[in-house]
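The values are calculated or read from the model by the stated rules, or taken from the named source; none is laboratory data. All values reported here derive from a predicted model rather than from experimental measurement. Cβ atoms come from the backbone with ideal geometry, glycine included; neighbour counts cover every protein chain shown.
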Amino acid sequence: MVKKSIHEINRKIEDGSVNVVTAEEMVTIVKDLGVEGAAKEVDVVTTGTFGAMCSSGLMLNLGHSEPPIKIQKVWFNNVEAYSGVAAVDAYLGAAQISDTRGIQYGGAHVIEDLLRGKEINVHATSYGTDCYPRKVLETTITLEDLNEAVLLNPRNAYQKYAAATNSSKRILNTYMGELLPNFGNVTYSGAGVLSPLSNDPNYETIGMGTRIFIGGAQGYVIGNGTQHSPSSGFGTLMLKGNLKEMSPDYLRAASFTGYGTTLYMGIGIPIPILNERLAAATAVRDEDITTNILDYAVGSRDKPIIRQVNYAELKSGMVQIEGKNVPTSSLSSFKYARKIANELKQWIKQGEFFISMPVERLPGEGLAKPMKQTQAVPLVKDVMSDFIVTIKKDQTIQEAAKKIWENSFNHLAVVSETGELVGILTAWDISKAVAENSFDSVESVMTKKVLTCSPNEPVDIAARRLDRYGVSAMPVIDTQNRVLGIITSDNISKLFARRY
Amino acid sequence: MKIKISIPTERIQNPIISESIIETGISINIMVANIDSTYGELIADVSDFQFDKIKNALESRGAIVSILDRPIHRDEEECVECGACISVCPMNVYTFDEAWNVQVEEKKCIQCGMCIKMCPHGALKLGE
């Protein structure tokens, strides 16, 4: 049994005898020496990640103006910050976009510009009080001029993240980047083998108070991140670090086309190897970390899972979807993750960085909840017509015409022998067949590529799809492709007619 | 090699491309074509030794032909080597090397612009 304490490791850091390796190197060490051997040999394993972390922001203090102002609203380079905290404190969110430049420039860019020593325009307004008489403020500041400039990031360093793809027929612009139609690509984020929380999945050493590498400075974990969801393997961290000590090598503003701005943060967390359990945990490989590829074509909170995948597959550059090889893109930088793990390793080796134990553990159980919505969004199944007239593909056009006329129903779902949807036939299709004098089977005139929707989709998403593709109805199908009903533009108009 | 063929407004009515192909018997592989009533710009692939001949044929009809030496430009300061560009490129211009550096094979680029929209760091732009 190996048992080390933080004090022993810190003494070794002080006298320079500490053995530090990166989480990537640890994989082979554990393979060669076994878990016990590795636990004896290695004192600290460093991790690293560098990727888009939208839930980041800067808490700053401007100092008091003369005459003083109690800032009610404030903008930095036309990006609004939250100032409902005392007089001259403000919180600038990375994802807040510019009032004048839109998504090209946002809070993240102001933060990077500050870090690069650039001058930032400040505009503030207030209602004026006896103690804070000023009502308008106009000035420029640099990072030096601020009393405090502290990054307070509510949700960083996801344990792992779901990968993204797109089954639809058009390009989607998302926070997971450009997703090409018909499963044209897969994008993913996360450092896999180097991911901090994936190397300490029981949160034994990463917790409140853990000293970390953040943006090139020393900072701290201040608790679990928002949406921390340990039971599903998606833990997150809330972090803090002093912007004044950071480096633009490890903090970069970014903008995703059609989505908005975000901040690329470089985070590195050391894991002290106190026992065999931690040695085993830090030997985690890319292939051991699994996540799901989600279909972003569904604009709903619960996106369909296309398949499970591990980080080794994602990082290979190609994954299989429905028998097809699909290229992958990483949105986080593995090169920088590696650079961070190595830099942190150097800091520890050179006695510039000491390990700390958490003062409180992170919750190891629990799931992030969805939003409580008091105004329920009606689902497709709530408004669809359960009644739908079906026809088999080898029936005649005349039979189809008769069905439409008898049921005064404009759409016929064409189904196979086993009841699966194979096409759709409208009165218009029949008129066309008659006009062209072609009276073959239903199969020859039906539309084969049918736009469909599922019963649990919100109606507004179905409505958007009807509108985008210019069709008046969509069959509602279950996962086995069996027809449950149909949703028409009539159903949707009735929904609104009822409401108003 | 990749070439750019620009067709000015006054010649947009003439079948310049077809005429040049018929006259020279050289096949060119058109990869991008943006043509409307006012202007035309095409990117095409042509073998190196046939370039002069097709260039002369096209230019005698009023087109402007240039070689795309650096079709795409990467700002190495802005780039963080994430590799977002890799999967959206139809020509496989971008790859990772062993050390996870993004490698750019410029010669393959057809200036479709997909990677420019994809790059979160605005590190890519069309070159000349």
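Return the residue satisfying two criteria in turn: it lies in the range A:322-337 and is in a loop (DSSP other than H, G, I, E, B) and within 7 Å of chain B (Cβ to nearest Cβ), and of such residues it is farthest from residue A:215 (Cα to Cα).
Restricting to residues being in a loop (DSSP other than H, G, I, E, B) and within 7 Å of chain B (Cβ to nearest Cβ), the top hit is A:331.
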Q: Would you confirm whether any residue within the range A:438-450 is under 40 Å from the mean Cα position of the chain (by Cα) and surrounded by fewer than 12 Cβ atoms within 10 Å (Cβ to Cβ)?
A: yes
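One line per residue, one yes/no per condition, for (1) β-branched (Val, Ile, Thr); (2) touching a Gly at 6+ places or on another chain (Cβ under 8 Å):
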{"residue": "B:16", "(1), (2)": "yes, yes"}
{"residue": "B:24", "(1), (2)": "yes, no"}
{"residue": "B:30", "(1), (2)": "yes, no"}
{"residue": "B:51", "(1), (2)": "no, no"}
{"residue": "B:70", "(1), (2)": "no, yes"}
{"residue": "B:84", "(1), (2)": "no, yes"}
{"residue": "B:103", "(1), (2)": "no, no"}
Q) Wholly within the range B:1-70, which strands (runs of 3 or more DSSP E) include no fewer than the required count, namely at least 2 residues that are under 22 Å from residue B:126 (Cβ atoms) and without any contact (Cβ under 8 Å) to a residue 24 or more places away in the chain? A) B:29-35
Q) All but one of (1) farther than 27 Å from residue B:124 by Cα; (2) more than 14 Å from chain B (Cβ to nearest Cβ); (3) of a type outside the set (Asp, Glu) hold for residue A:246; which doesn't? A) (1)
(Q) Just to be sure I understand, how many residues within the range B:59-90 are out of contact with any Pro (no Cβ under 9 Å at 6 or more places or on another chain) and within 12 Å of chain A (Cβ to nearest Cβ)? (A) 7
Q) In the range A:373-413, which residues are in a loop (DSSP other than H, G, I, E, B) and among the hydrophobic types (A, V, I, L, M, F, W, C)? A) A:376, A:377, A:384, A:387, A:388, A:409
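Given A:366, A:351, which one is away from chain B (no Cβ under 14 Å), closer than 30 Å to residue A:9 by Cα, outside any helix (DSSP H, G or I) and in contact (Cβ under 8 Å) with a residue 12 or more places away in the chain?
Of A:366, A:351, the one residue that is away from chain B (no Cβ under 14 Å), closer than 30 Å to residue A:9 by Cα, outside any helix (DSSP H, G or I) and in contact (Cβ under 8 Å) with a residue 12 or more places away in the chain is A:351.
This table checks each residue for (1) within 14 Å of chain B (Cβ to nearest Cβ); (2) buried (at least 19 other Cβ atoms within 10 Å of the Cβ); (3) modelled with pLDDT of 95 or more.
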position	(1), (2), (3)
A:142	no, no, yes
A:147	no, no, yes
A:150	no, no, yes
A:156	no, yes, yes
A:163	yes, yes, yes
A:167	no, no, no
A:175	yes, no, yes
A:180	yes, yes, yes
A:187	yes, yes, yes
Q | the range A:148-169, residues that are in contact with a helix residue (DSSP H, G or I) (Cβ under 8 Å, 6 or more places away or on another chain) and not in a strand (DSSP E or B) | A | A:157, A:158, A:159, A:160
Q) Counting just the residues of the range A:89-104 that are in contact (Cβ under 8 Å) with a residue 60 or more places away in the chain and polar (S, T, N, Q), which one comes out surrounded by the fewest Cβ atoms within 10 Å (Cβ to Cβ)? A) A:104
**Q.** Selection within the range A:453-483 - surrounded by 17 or more Cβ atoms within 10 Å (Cβ to Cβ), touching a Pro at 6+ places or on another chain (Cβ under 9 Å) and not small (Gly, Ala, Ser)
**A.** A:453, A:458, A:459, A:476, A:477, A:483
Q: Check every one of the strands (runs of 3 or more DSSP E) wholly within the range A:25-67 and list those with 2 or more residues that are under 20 Å from residue A:194 (Cβ atoms).
A: A:44-46, A:49-52
**Q.** the range A:14-24 - residue that is outside any helix (DSSP H, G or I) and in contact with a strand residue (DSSP E or B) (Cβ under 7 Å, 6 or more places away or on another chain) and, of those, surrounded by the most Cβ atoms within 10 Å (Cβ to Cβ)
**A.** A:20
Q: Could you list all residues from the range B:18-53 that are buried (at least 16 other Cβ atoms within 10 Å of the Cβ), in contact with a helix residue (DSSP H, G or I) (Cβ under 9 Å, 6 or more places away or on another chain) and within 19 Å of residue B:107 (Cα to Cα)?
A: B:28, B:42, B:44, B:46
Q. Within the range A:254-261, can one find any residue that is closer than 30 Å to residue A:183 by Cβ, of a type in the set (A, V, I, L, M) and more than 21 Å from the chain's Cα centre (by Cα)?
A. no
**Q.** Residue list for the range B:113-128, restricted to those being within 14 Å of another protein chain (Cβ to nearest Cβ) and assigned to a loop (DSSP other than H, G, I, E, B)
**A.** B:113, B:119, B:120, B:121, B:122, B:123
Q: Determine, yes or no, whether residue A:405 is closer than 16 Å to residue A:471 by Cβ, of a type in the set (Phe, Trp, Tyr) and surrounded by fewer than 17 Cβ atoms within 10 Å (Cβ to Cβ).
A: no
Q) Where residues in the range A:137-147 are of a type outside the set (A, V, I, L, M, F, W, C) and outside any strand (DSSP E or B), which of them is nearest to residue A:91 (Cα to Cα)? A) A:147
Q: Determine which member of the set A:215, A:223, A:317 is within 14 Å of another protein chain (Cβ to nearest Cβ), surrounded by fewer than 21 Cβ atoms within 10 Å (Cβ to Cβ) and over 15 Å from the mean Cα position of the chain (by Cα).
A: A:317
(Q) When you scan the range B:70-81, do you find a residue that is over 30 Å from residue A:248 (Cα atoms) and over 16 Å from the mean Cα position of the chain (by Cα), even just one? (A) no
Q | Count of residues meeting criterion [out of contact with any Ser or Thr (no Cβ under 6 Å at 6 or more places or on another chain) and within 14 Å of chain B (Cβ to nearest Cβ)] in the range A:1-48 | A | 2
Q. Would you pick out the residues in the range B:91-112 that are surrounded by 14 or more Cβ atoms within 10 Å (Cβ to Cβ) and within 13 Å of chain A (Cβ to nearest Cβ)?
A. B:91, B:93, B:94, B:95, B:96, B:100, B:102, B:112
Q) Among the residues of the range A:264-272, is any out of contact with any helix residue (DSSP H, G or I) (no Cβ under 8 Å at 6 or more places or on another chain), surrounded by fewer than 19 Cβ atoms within 10 Å (Cβ to Cβ) and under 17 Å from residue A:154 (Cα atoms)? A) no
